[in-house]
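Read the structure below first, then the notes.
The values are calculated or read from the model by the stated rules, or taken from the named source; none is laboratory data. Remember, predicted model here, so these are calculated numbers, not experimental data. Counting neighbours? That spans all protein chains shown, and the Cβs are built from the backbone with ideal geometry, glycine included.
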2 protein chains.
Amino acid sequence: MSVTLKDVAKLAQVSPIVVSRVLHNKAEGVRVSDATAERVRQAAAELNYKVNIWARNFRAQQTMMLGVLNGMGFDRPRFNDGPRYFATLMDGIVDGAFRHSYSVALCPQLLGDDPSEAVTDGRFDGLVWYSITPTDANRATLAACRCPVVIVHALSGQYGGKHPTVICDNFQGIGLGVDHLYELGHRKIAFMIEGDAMNVESEARLAAFKSHMARHDLPPAETDIIDVRKDREALKSYLSNKPPHTALMVHADGLAADIIRFAPKYGIRVPEDLSVIGFDSTEFCDELKPALTSISQPLFEMGNRATDLLMKAISEPNIDPVELVLPCGLDVRGSTGPARQTELS
Amino acid sequence: MSVTLKDVAKLAQVSPIVVSRVLHNKAEGVRVSDATAERVRQAAAELNYKVNIWARNFRAQQTMMLGVLNGMGFDRPRFNDGPRYFATLMDGIVDGAFRHSYSVALCPQLLGDDPSEAVTDGRFDGLVWYSITPTDANRATLAACRCPVVIVHALSGQYGGKHPTVICDNFQGIGLGVDHLYELGHRKIAFMIEGDAMNVESEARLAAFKSHMARHDLPPAETDIIDVRKDREALKSYLSNKPPHTALMVHADGLAADIIRFAPKYGIRVPEDLSVIGFDSTEFCDELKPALTSISQPLFEMGNRATDLLMKAISEPNIDPVELVLPCGLDVRGSTGPARQTELS
DNA sequence: ATGAAAGCGCTAACAA
DNA sequence: TTGTTAGCGCTTTCAT
């Protein structure tokens, strides 16, 4: 069907291995006479020979391929859902993989009946698992993986300390936000959190908030933690009752955006009456009026470094897994300003 | 290293081929005694045997893998650049590929020195090439491909009619926009176009505009085509000189968004003074004030159908390539309204 | 119902 | 400097 080494060898009147050496070996190791080498190269060109990369990989017992899982398990990665989170992370992963001469495949459909076969059929040399939730099923799948797995958005401890992990520094990030507000004169600062399930990262952010506030001698009271997890209406009732705070840190941009959109309806001006900080610095931050100040995760970097950890895990299987915590940034936009001095009327 | 068929065979006291039949064959074709089959299954379970998918693929001379190229050639796909175009298309491609039990890999780094080796080393069973520009280099690469290639965002004729193509119906899409404006009473409608290089699709949209306007007995004059290709400042000078039009169709959303943002500075209200229609219905359309009415490409569908064409090309290599033209939609938002009756003051 | 042989394309190890 | 052997893991073909 396709032109193989053997065909080239026949034409060049040498054995296949010589062709392999001439065409594929590093220049240094090659011990072939110039004349033969030239003959081989000509033959290859004439036949338009190309290696079969999978034959080579099969022989070398490697795939030169990384897989990406995301979310709850074997739902396929979606680029266009939600914010650009996953897209940016993927950019980092792909960039890193290419840097190491690896390809990236999107978590494949499985040829068998069980989705988890995809991580056990030798398809990949390594996996990046993104935004995994620590359910029993996921832990079981993780344990079944036959290749190194780097987990993004998790701390190693959540998974038995067996896998390298990459996560943003939620503690430091929230600190950036709190300090920013403090410097603007804010002392009455609330934290708002939502979400159906307990989200590990949101929890970490809340804890960080409490800690950083305490550092400023402003330990938050219970009423300073506004939990709209069960009832999104709680958000509206908070806004309609003259918020006692001058600033709001929100666990994620989506909720912060709603606040910015709803606030005017309740006579609350952002940032004059209420400063708002989100988390993730999603692209829509710039489009909001006012634009949303937000803490940014180094998503590209996270994906990128994940591949480095994977390479290390592939080449040194028995090394202790690294837990990589990367610093956040603060993108100051229009939704934060000096604290108001008076009560809302 | 890993458990193979042979290991299972030894434990079950049968030959490897029997194991293969029991574990992998369709139920019907299997001619193995129940007792043996059971023994094999037990052995496999005991050893925790998993197929090596690449050995199977290698043997079958297929990869069950599709590749995606985008842009000018071998720049790697970027998910987070520009609008969500590529992300949505990818979602369609991935969905389609999975539906056919194929994986999708992002255009890989090349193990050799020449990037284009990636399309000739048998890495993929098929390729989706997105947003290709018809340069000589790209034509050459296309010709060198050893697997079927489906081109997205192109017409078959641009590439010698040799490859299946998928494109949105720019003509019909622009027609939706023109008709929408016409029904709102607009008669003075301009078309705005930009971009460094000649963009085939933008050109097609411009031509469609002329044609649809003529259909309404409103053939556009030269002054109704505002070309800001060379000079983005031309946009501002257009806005500052009391536009004689009541509506503007723009070749793409990005430029339309700028108009919406700049217009107020020149005392032009959208849509009261000037209705604006974009193209692509990008997600930021909703965030603009007013939200941007825009023509939408069926991007997910385009990616999805591209994989169908690829499957067909893989299974029937000699079939005539299909040219798929998928209809656009019109997302009416706030930036279009009834035509103003008076001149701008 | 089961098994033996053979080979996909490539390259490491060893031999000449 | 060149060639031979051998095998990666799997499955099709043909024989028993």
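A few comments on the model shown:
- Residue in segment A:163-176 that is in a helix (DSSP H, G or I), farther than 24 Å from residue A:86 by Cβ and touching a helix residue (DSSP H, G or I) at 6+ places or on another chain (Cβ under 8 Å) present: yes
- Residues of segment A:190-239 satisfying the condition of being in contact with an Asp or Glu (Cβ under 7 Å, 6 or more places away or on another chain), of a type in the set (Val, Ile, Thr) and in contact (Cβ under 8 Å) with a residue 40 or more places away in the chain: A:193
- Among the residues of segment A:177-218, the one identified as modelled with pLDDT of 95 or more, touching a helix residue (DSSP H, G or I) at 6+ places or on another chain (Cβ under 6 Å), outside any helix (DSSP H, G or I) and farther than 14 Å from residue A:247 by Cα is A:216.
- Whichever residue in segment B:144-158 is touching a helix residue (DSSP H, G or I) at 6+ places or on another chain (Cβ under 6 Å) and not aliphatic (A, V, I, L, M) and, among such residues, is farthest from residue B:311 (Cα to Cα): B:145
- When segment B:245-255 is limited to residues that are at pLDDT below 95 and either more than 14 Å from chain A (Cβ to nearest Cβ) or in a loop (DSSP other than H, G, I, E, B) (or both), the one that is nearest to residue B:189 (Cα to Cα) turns out to be B:251.
- Residue ID - farthest from DNA strand D (Cβ to nearest atom), chosen from residues in segment A:40-50 that are surrounded by fewer than 19 Cβ atoms within 10 Å (Cβ to Cβ) and touching a residue at least 12 places away in the same chain (Cβ under 8 Å): A:48
- Restricted to segment A:25-51, and to residues there that are within 9 Å of DNA strand C (Cβ to nearest atom) and among the basic types (Lys, Arg), the residue that is modelled with the highest pLDDT is A:50.
Yes or no, residue by residue, for (1) of a type in the set (Phe, Trp, Tyr); (2) touching a residue at least 60 places away in the same chain (Cβ under 8 Å):
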{"residue": "A:279", "(1), (2)": "yes, yes"}
{"residue": "A:288", "(1), (2)": "no, no"}
{"residue": "A:300", "(1), (2)": "yes, yes"}
{"residue": "A:329", "(1), (2)": "no, yes"}
{"residue": "A:336", "(1), (2)": "no, yes"}
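- Within segment B:308-317, restricting attention to residues that are touching a residue at least 60 places away in the same chain (Cβ under 8 Å) and more than 22 Å from residue B:170 (Cβ to Cβ), the residue that is surrounded by the fewest Cβ atoms within 10 Å (Cβ to Cβ) is B:317.
- Restricting segment A:291-302 to residues that are crowded, with 23+ Cβ neighbours inside 10 Å and of a type outside the set (A, V, I, L, M), the residue that is farthest from residue B:257 (Cα to Cα): A:297
- Output for segment A:261-290, where each listed residue is of a type in the set (Gly, Ala, Ser) and surrounded by fewer than 17 Cβ atoms within 10 Å (Cβ to Cβ): A:267
- Considering the conditions (1) closer than 21 Å to residue B:192 by Cα; (2) touching a strand residue (DSSP E or B) at 6+ places or on another chain (Cβ under 8 Å); (3) surrounded by fewer than 23 Cβ atoms within 10 Å (Cβ to Cβ), residue B:232 is excluded by exactly one of them, (2).
- Scanning segment A:294-343 for residues that are in contact with a helix residue (DSSP H, G or I) (Cβ under 8 Å, 6 or more places away or on another chain) and among the basic types (Lys, Arg) turns up A:305, A:333.
- Pairs meeting the criteria (first residue in segment B:2-22 and closer than 23 Å to residue A:145 by Cα, second residue among the small types (Gly, Ala, Ser) and within 6 Å of DNA strand D (Cβ to nearest atom), beta carbons under 7 Å, at least 6 apart or on different chains) are B:5/B:20.
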